[in-house]
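Have a look at the structure below, then the notes.
The values are calculated or read from the model by the stated rules, or taken from the named source; none is laboratory data. This is a predicted model, so every value here is computed, not measured. Heads up, the Cβs are rebuilt from the backbone with ideal geometry, glycines too, and the neighbour counts pull from every protein chain shown.
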Amino acid sequence: MHEKQFDGAVERLRSPERVVRLEVERVADLCLESGGFKTVLDVGVGSGIFAEAFSRRGLVVAGVDINPQMVTAARQFVPQGDFREAPAEALPYPDGSFDLVFMGLLLHESDEPRKVLQEARRVTCRQVCILEWPYLEEEFGPPLAHRLKPADIAEMSRQAGFARLETVQLNHLVLYRLNTREI
């Protein structure tokens, strides 16, 4: 299980070049665009780079990662956050615990992406945002075989019970906003 888990160094996750490519600040703003968010769960929190951005915007931040090294790193960068070691397929929170669930470059690494979306839907009361690689062969990121087709993400989100899916094209990535209700 979790064969595609990231096993690189924390420093690499926070390199200035990667932060620019991820458009961290823009992504955080786009996730919060509809307003009124107070809590966020960062699934696959990694080094906490997005958790840190959400915290700077005043949200109460929690995060999970299957990798204990990443949980430790996230705690270092966002000491006020609640970070736990847990798989994305079995989130240790009650139904409707968070306004926003964020997944940054996680879904394509999951062994069970449909189950991940179902769990995200279960613990959110409003919205899930998924940052993913475009379905293109590129020199950066995972091979095409590990990337998800937009149609597959749309179908999985529908099956997970989301009412609406919006796609935002970024410079290098794609942000999917999944809402629990029609807006």
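Listing for the model above:
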| quantity | calculated |
| --- | --- |
| Complete set of residues in segment 82-139 that are farther than 18 Å from Tyr176 by Cα and among the hydrophobic types (A, V, I, L, M, F, W, C) | Phe83, Ala86, Ala90, Leu91 |
| Every pair of residues 6+ apart whose Cβ atoms lie under 7 Å, when the first sits in segment 149-169 and is over 18 Å from Cys31 (Cβ atoms) while the second is at pLDDT below 95 and surrounded by fewer than 14 Cβ atoms within 10 Å (Cβ to Cβ) | none |
| So Ala120, is it modelled with pLDDT of 95 or more and part of a helix (DSSP H, G or I) | yes |
| Boolean, Phe83 is aromatic (Phe, Trp, Tyr) and farther than 25 Å from Ala9 by Cβ | no |
| Residues of segment 96-118 classified as without any contact (Cβ under 8 Å) to a residue 60 or more places away in the chain, of a type in the set (D, E, K, R) and within 21 Å of Ala62 (Cβ to Cβ), total | 1 |
| Any hit, segment 58-81, residues being small (Gly, Ala, Ser) and touching a Ser or Thr at 6+ places or on another chain (Cβ under 6 Å) | yes |
| Matching residues in segment 153-170 - criterion: being more than 22 Å from Cys125 (Cβ to Cβ) and surrounded by 14 or more Cβ atoms within 10 Å (Cβ to Cβ) | Leu170 |
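Results for (1) of a type outside the set (Lys, Arg); (2) outside any helix (DSSP H, G or I); (3) out of contact with any helix residue (DSSP H, G or I) (no Cβ under 9 Å at 6 or more places or on another chain); (4) closer than 18 Å to Arg114 by Cα, shown as yes or no for each residue.
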| site | (1), (2), (3), (4) |
| --- | --- |
| Gln127 | yes, yes, no, yes |
| Leu131 | yes, yes, no, yes |
| Glu137 | yes, yes, no, no |
| Ala151 | yes, no, yes, yes |
| Ala154 | yes, no, yes, yes |
| Arg158 | no, no, yes, yes |
| Phe162 | yes, yes, no, yes |
